[in-house]
Amino acid sequence: MKHSELQSPLKSIKMRQRKNGSSIKHPNLSDAEAKSQKKSPYSLKDVFLTCLGFRMLNALLIQTYFNPDEHWQALEVAHRIAFGYGHLTWEWEEGIRSYLHPMMFALFYKLLALLRLDIPCVMIKAPRLLQSIFSAVGDLYLYKLSFVLFGDGVAKWALFSQLANWFMFFCFNRTFSNSLETTLTLVGLYYWPSVRSSLNKAPSGSRKWGLALAALACAIRPTSAVTWVYVGLLELYLTHDRLRFIFVELIPIGSVVLGITCLLDRLMYDSWVLVPLNFLKFNFLSSGGDYYGTHKWHWYFTQGFTVMVFTFLPFCVAGIIKSKYWKLSGLILWVLGLYSILGHKEFRFVLPVLPISLIFVGYSLAALDERDSRNGAKKRSSCICNKWPSRKQLAIFFLLASNIPMALYMSLIHQRGTEDAMNYLSKEAAKGKVKSIVFLMPCHATPYYSTLHNNLPMRFLDCIPNKGMPTESDRFMMDPVSFAVDFAKNWSHPSHIVLFDSEERHLKDFLISHSFREVRRFFHAHFKVDRDLQASVVVYAD
């Protein structure tokens with residue numbers, strides 16, 4: 001048979017394979033991944049689109065207030081850049097925050113304004129929808145990382161765990177720098193050769209991408225260095241070209257990213273500011289973060305991270321033991337251990353290692369799946385029918401039944417009053433019904449100009465750290481009536497006052513004497529968090 005005659009059927013076979021997507025190797029996949037992908041019914045495109053649809057729905061369902069930084073350290077700063085008004089907290093005066101993260105949302109706001117879509121409902125929902133794209137990329141790379149480490153069986157269950165975990169649902173789509181840091185961590189780990197079971201399985205040139213992503217994560221959030229020091233030391237120990245790694249890759253790539261970040265901050269601060277150094281001084285050398293509260297050293301192990309992993313915890317522990325993949329389990333322990341040294345602790349600080357723990361959950365669930373498959377084959381061969389659910393089915397039911405209610409309650413109900421109040425005021429301001437607002441409540445308890453999107457006079461009670469001196473917010477909480485009386489002596493009479501019902505009880509007479517009446521009341525919470533129960537948020541108007 002002639003060569004030309006052979007070519008024709010070969011071409012048709014290749015065309016059919018390309019249509020089915022079965023023989024096309026992704027440029028970033030190693031040979032092991034490509035082989036595994038052939039066995040998988042899922043393409044990376046399908047995985048990403050599924051995750052994107054899920055995260056967008058997730059973003060629309062988040063209607064609660066979690067932590068002030070979501071608004072005050074990202075969207076509020078971005079709104080000021082894009083529209084010329086917005087409040088900068090004291091951190092920006094001290095130069096301990098980089099403009100790199102808010103700049104993304106500022107460009108997004110500019111685009112909305114250009115398209116004339118900067119209306120209340122869009123300004124409220126759009127930032128989390130943008131974040132959902134980054135979250136979906138994180139989900140995809142969790143799948144890809146699990147894929148290259150353990151194969152398709154583990155990858156699909158790791159992705160299931162990521163999408164089903166209540167804290168990922170509740171927090172990942174919020175506009176925290178921690179959320180973007182988590183995505184960059186997942187993408188970066190995929191490209192680091194040292195994380196894989198064998199260094200030669202990494203795609204060519206992947207370490208440079210890993211270094212660039214690690215540097216970007218550290219530029220956005222300097223504490224991300226905790227993660228990348230571990231990975232870098234692991235790489236230094238395992239690689240055979242240490243000098244090349246340090247002098248040809250690490251130093252040049254790190255310097256470029258740091259240089260670009262410094263130039264951006266120089267432009268925005270109007271002076272040279274080395275944010276990582278200022279951040280280190282405040283949070284590590286002076287324990288400035290302790291002003292916002294401290295926890296016992298073991299809090300992440302006994303409460304914080306345990307609550308985040310939630311009912312996935314036994315499966316995570318089982319997966320770590322069964323897989324014996326100490327590189328990643330060591331990273332989890334390293335991060336939790338170093339963060340435990342700091343006095344001030346928060347759930348979101350260790351968000352980047354939560355997906356890594358869920359990879360081990362995927363390993364555990366895949367092991368159950370394999371065991372059930374073997375048992376099912378034995379029962380079919382012996383013609384025995386069993387109506388009882390398998391261990392895997394029971395595990396899935398348990399995880400979904402415990403996580404879905406938690407995710408929905410925390411995202412839709414708990415602490416939603418402050419968001420609802422600002423959403424209401426935003427719409428009222430757009431109609432010209434709001435002239436000025438005073439917030440008689442703990443500082444940063446609500447979103448601000450980024451949600452109102454109207455350049456009206458607003459005033460909240462400040463809480464700039466000042467050792468030994470109570471802040472406005474502290475003094476108000478200690479004696480609401482006395483503070484309000486003194487405060488009213490110097491105010492320009494506002495059109496609206498916003499406060500919690502816990503303080504409203506004390507200020508009823510004060511509000512009536514100044515001609516204010518209740519116009520709206522919004523449910524906030526069923527139980528107290530840091531202070532007395534703040535069951536509702538009340539809006540008064542004159």
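The values are calculated or read from the model by the stated rules, or taken from the named source; none is laboratory data. Note that the structure is a prediction, hence the values are computed from the model and not measured. A quick note on method: Cβ atoms are made from the backbone with ideal geometry, for glycine too, and the neighbour counts reach across all protein chains shown. Ligands, DNA and RNA are stripped out before the accessible areas are found, and what is left, the full protein with its side chains, is counted by its heavy atoms. Shrake-Rupley method; radii C 1.70, N 1.55, O 1.52, S 1.80 Å.
When you check L243 against the structure, is it open to solvent by 40 Å² or more (accessible area, probe 1.4 Å), in a helix (DSSP H, G or I), of a type in the set (A, V, I, L, M) and under 26 Å from L342 (Cβ atoms), yes or no? Criteria not met by L243.
Among the residues of the stretch 336-345, the ones that are over 13 Å from H298 (Cβ atoms) and under 19 Å from the mean Cα position of the chain (by Cα) come to 1 in all. Annotation note: Cβ proximity below 7 Å between a residue of the stretch 527-542 that is within 24 Å of M458 (Cα to Cα) and charged (D, E, K, R) and a residue that is open to solvent by 30 Å² or more (accessible area, probe 1.4 Å) and assigned to a loop (DSSP other than H, G, I, E, B) (sequence gap 6+ or interchain) occurs for D542/H493; D542/S515. Screening L163, L184, L211, L199 for residues that are at pLDDT 95 or above and more than 30 Å from M406 (Cα to Cα) leaves exactly one candidate, L211.
If you filter the stretch 444-456 down to residues that are without any contact (Cβ under 8 Å) to a residue 60 or more places away in the chain and out of contact with any Lys or Arg (no Cβ under 9 Å at 6 or more places or on another chain), you find that the one that is surrounded by the fewest Cβ atoms within 10 Å (Cβ to Cβ) is N454.
Residue by residue, here is whether (1) of a type in the set (A, V, I, L, M); (2) within 26 Å of L400 (Cα to Cα); (3) assigned by the TED database to the domain that holds I396; (4) over 23 Å from the mean Cα position of the chain (by Cα) holds:
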{"residue": "V307", "(1), (2), (3), (4)": "yes, yes, yes, no"}
{"residue": "P314", "(1), (2), (3), (4)": "no, yes, yes, yes"}
{"residue": "K322", "(1), (2), (3), (4)": "no, yes, yes, yes"}
{"residue": "W334", "(1), (2), (3), (4)": "no, no, yes, no"}
{"residue": "F347", "(1), (2), (3), (4)": "no, yes, yes, no"}
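The numbered conditions (1) modelled with pLDDT of 95 or more; (2) under 30 Å from the mean Cα position of the chain (by Cα); (3) open to solvent by less than 20 Å² (accessible area, probe 1.4 Å) are all true for N423 except (3). Of all the numbered requirements in (1) open to solvent by less than 10 Å² (accessible area, probe 1.4 Å); (2) closer than 24 Å to S515 by Cα; (3) touching a helix residue (DSSP H, G or I) at 6+ places or on another chain (Cβ under 7 Å); (4) in contact (Cβ under 8 Å) with a residue 24 or more places away in the chain, F439 misses one, and that requirement is (3). Looking at the stretch 501-515, is at least one residue more than 16 Å from G417 (Cβ to Cβ), part of a helix (DSSP H, G or I) and hydroxyl-bearing (S, T, Y)? Within the stretch 501-515 (the criterion being more than 16 Å from G417 (Cβ to Cβ), part of a helix (DSSP H, G or I) and hydroxyl-bearing (S, T, Y)), the answer is yes, since at least one residue qualifies.
Every condition in (1) of a type in the set (A, V, I, L, M, F, W, C); (2) closer than 28 Å to Q63 by Cα; (3) part of a loop (DSSP other than H, G, I, E, B) holds for M469 except the one numbered (2). Residues satisfying the criterion are present in the stretch 255-264 (criterion: open to solvent by 30 Å² or more (accessible area, probe 1.4 Å) and touching a residue at least 60 places away in the same chain (Cβ under 8 Å)). The residue that is nearest to R221 (Cα to Cα), among those in the stretch 157-196 that are within 9 Å of the chain's Cα centre (by Cα) and aliphatic (A, V, I, L, M), is L180.
Could you check how many residues of the stretch 484-494 are in contact with a strand residue (DSSP E or B) (Cβ under 6 Å, 6 or more places away or on another chain) and open to solvent by 10 Å² or more (accessible area, probe 1.4 Å)? Give the steps one after another, and end with the answer.
So the first thing to find is which residues in the stretch 484-494 are in contact with a strand residue (DSSP E or B) (Cβ under 6 Å, 6 or more places away or on another chain), and the list is 494.
Narrowing the set further to residues that are open to solvent by 10 Å² or more (accessible area, probe 1.4 Å) leaves none.
Qualifying residue count, the stretch 484-494: 0.
Put simply, of M469, M478 the only residue that is without any contact (Cβ under 8 Å) to a residue 24 or more places away in the chain, closer than 27 Å to H414 by Cβ and either of a type in the set (K, R) or open to solvent by 10 Å² or more (accessible area, probe 1.4 Å) (or both) is M478. Scanning the stretch 338-366 for residues that are part of a helix (DSSP H, G or I) and open to solvent by 30 Å² or more (accessible area, probe 1.4 Å) yields L338, I341, F347, Y363. Of the listed requirements (1) assigned by the TED database to the domain that holds W157; (2) open to solvent by less than 30 Å² (accessible area, probe 1.4 Å), I404 misses just one: (2).
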